[in-house]
Amino acid sequence: MKPYTGPAYRFRNDVVLALHRAGFQRARTWLDESGNATGEHVRGDIFGLPLTIATRNQRELDFAEALREVEAEALEAGTKMFVSVQARKTRETGEAYATTTLDSFMQLLAMAFPLEVVAADPRTASLSDTDAVGGLSAPRT
């Protein structure tokens, strides 16, 4: 089988390296350094983390299609959190767009900041709406 190469392969590897530099050493792709499949292919382009990550390096950005793709991959992988990382032409990897749904984003936030330790900013929160998350509501405009 011919190895995977090209811009999409390089972008995927750049995203994995960026994750490693940020401390997420378990992040890996299902391709080895030569672009050959390792046999570990699971849904998503990058795995080893508690979410599904898909990467896209295409001529035109299509956020809706990217989200449909990664959401389907997450469903098949059995994860509820997912993100699509999309290359931006002439920009560094760290400036790529990372898109997800609001539900997935809230799950990521809850994982990173458990609700009992998130302090409300008294300038932007109100305790009058107990039906809102954590008993807080958005400020009235």
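The values are calculated or read from the model by the stated rules, or taken from the named source; none is laboratory data. Everything quoted here is computed from the prediction, not taken from an experiment. So basically every Cβ, Gly included, is an ideal-geometry build from the backbone, and we count neighbours across all protein chains shown.
Please find, among ALA66, ALA27, ALA8, ALA98, the residue that is of a type in the set (Gly, Ala, Ser) and modelled with pLDDT of 95 or more.
On the way: ALA66 fails: modelled with pLDDT of 95 or more; ALA27 fails: modelled with pLDDT of 95 or more; ALA8 fails: modelled with pLDDT of 95 or more.
Testing whether each residue is of a type in the set (Gly, Ala, Ser) and modelled with pLDDT of 95 or more leaves just ALA98.
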* To do: State all residues of the range 69-95 that are modelled with pLDDT under 90, aliphatic (A, V, I, L, M) and closer than 22 Å to GLY6 by Cβ; if no residue qualifies, say none.
  => none
* Structure fact -> Selection from the range 58-72 of residues surrounded by 12 or more Cβ atoms within 10 Å (Cβ to Cβ) and not in a helix (DSSP H, G or I) yields GLN58, LEU61, ASP62
